[in-house]
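The values are calculated or read from the model by the stated rules, or taken from the named source; none is laboratory data. All of these numbers come straight from a predicted model, not from anything done at the bench. Here the Cβ positions follow ideal geometry from the backbone for every residue, glycine too, while neighbour counts run over all protein chains shown.
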Amino acid sequence: MQWAEELVRWRRELHQIPELAFAEHDTQAYLKAELDRLGIDYRPIAGTGLVAEVSGTSKGPLVAVRADMDALPLEEQSGEPFASRNPGRMHACGHDGHMAIALGLAARLVQERSFAGRVRLLFQPAEESPPGGALTMIQQGALEGVASILGLHLWSTDPLGVVGIRPGPIMANADQFRIVIVGQGGHGSAPQETRDAVLVAAETVVNLQTIVSRRLSPLEPAVVTCGTLHAGQVFNVIAGTAEITGTVRTLTETSRETVEAAMRQIVEGTAAMHGARAEFSYERGYPALVNHPEVVARWRQAIGDFAPVVECSPKMTGEDFSYYLQHRPGAYLFVGAQPTAQAFPHHSPQFRLNEAALPIGVEVLYRGVMAELAAFPPGLA
């Protein structure tokens, strides 16, 4: 591919300047400079985001493509020579690659321009931190006039170049919860005089794991994860309070509601059984990412035999691209970017990508965009 070397340069330079949600100032400046060099108009949005557009040679529909910009609060341990220059910040999810792919797509569109319509590039801040940047982008007009929208995610544990897509839910509702157990502390030698918050918390963690296995259909994917449990300060004192936090992942609203109701019942019931009480709060995060079947069908056909396409299983991670799909038809897919060396999961400080996936991502997006432009009436502006 003509832009292969540029794709690697873009990705590596962006990788070295990772920034957190709504603080992507250097990243925005870098993108502005590259868009200027490509001769592409843009405007700021959502504080640190950008909206850029490339017009074809004739009137037609407007199709959008989204690339996320933010990094994670991690100290990089990848060993890459182009590792992060910002302490405690790392592109550990592939957003540097997504921005590079979007720039590559823009460069190709400018070079060819033999299409009817316009392509809008949405460089979006704050995907990693709910409530995320997508809602702000939408509120500030990112989807005005858009007929459909596409997005992709490089995936470090999928084989290089394999495209994973499916109609319907492809990523999960991503919620979080907090439980506070309020018992009665006391001396470790006299448990009968206490209401042991550690015991209640431990039973609560175990009991919550029955929800997926006994409250939901085996055909309904769901995850209930208790990520933290904090209680006590001294070895010989029974703790009077304990706190549990965690996340819930589901694919449907029905499952989401079932899990939340079951959690409240189990949390309060377990505490009451021991003479304690529990405070339970449940915060809904990003909704499930639900692909529109007609866009998926067009995109699959457009990819053709360029790359192997599989109907992937849903991933139980969350994505605020889901908000765009609540407002416009569209689809989201995964491009395998497994390194030749050991692959580490996303959000790992040792995360690496196979940069050979970058030109594949550009081609996959380009074909999808062309298919969407052709799917709407030529006179649609």
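Is it true that Ala29 is under 21 Å from Gly151 (Cβ atoms), of a type outside the set (Val, Ile, Thr) and either at pLDDT 95 or above or touching a Leu at 6+ places or on another chain (Cβ under 7 Å) (or both)? The answer is no for Ala29. Close contacts from the range 256-272, counting a first residue that is closer than 17 Å to Val206 by Cβ and modelled with pLDDT of 95 or more and a second that is of a type in the set (Val, Ile, Thr) and not in a helix (DSSP H, G or I), with Cβ to Cβ under 7 Å and a gap of 6+ residues or different chains, come to Val259/Val224; Val259/Val248; Val259/Thr250; Val267/Ile179; Ala271/Ile181.
Taken as a whole, the structure places Val65 among residues that are in the same structural domain as Val110 (by TED's automatic domain parsing), under 23 Å from Phe334 (Cα atoms) and either touching a strand residue (DSSP E or B) at 6+ places or on another chain (Cβ under 9 Å) or part of a loop (DSSP other than H, G, I, E, B) (or both).
Given the options Gly275, Gly269, Gly240, Gly232, name the one that is within 20 Å of Arg214 (Cβ to Cβ), of a type outside the set (Val, Ile, Thr) and over 32 Å from the mean Cα position of the chain (by Cα). Don't jump to the end; show me each part of the working.
Values: Gly275 fails: within 20 Å of Arg214 (Cβ to Cβ); Gly240 fails: within 20 Å of Arg214 (Cβ to Cβ); Gly232 fails: within 20 Å of Arg214 (Cβ to Cβ).
None of the others qualify; the one that does is Gly269.
None of Leu7, Leu74 is of a type outside the set (Phe, Trp, Tyr) and under 19 Å from Pro339 (Cα atoms) except Leu7.
With respect to the conditions (1) outside any strand (DSSP E or B); (2) surrounded by fewer than 21 Cβ atoms within 10 Å (Cβ to Cβ), Val310 lacks only one, and its number is (1).
Quick check: anything in the range 87-102 in a loop (DSSP other than H, G, I, E, B), at negative phi, surrounded by fewer than 18 Cβ atoms within 10 Å (Cβ to Cβ) and modelled with pLDDT of 95 or more? Among the residues of the range 87-102, at least one is in a loop (DSSP other than H, G, I, E, B), at negative phi, surrounded by fewer than 18 Cβ atoms within 10 Å (Cβ to Cβ) and modelled with pLDDT of 95 or more, which makes the answer yes. Listed by first and then second residue, the pairs linking a residue in the range 223-237 that is outside any strand (DSSP E or B) and surrounded by 10 or more Cβ atoms within 10 Å (Cβ to Cβ) to a residue that is among the small types (Gly, Ala, Ser) and at pLDDT 95 or above, with Cβ atoms under 7 Å apart and 6 or more places separating them unless they lie on different chains, are Gly232/Ala239.
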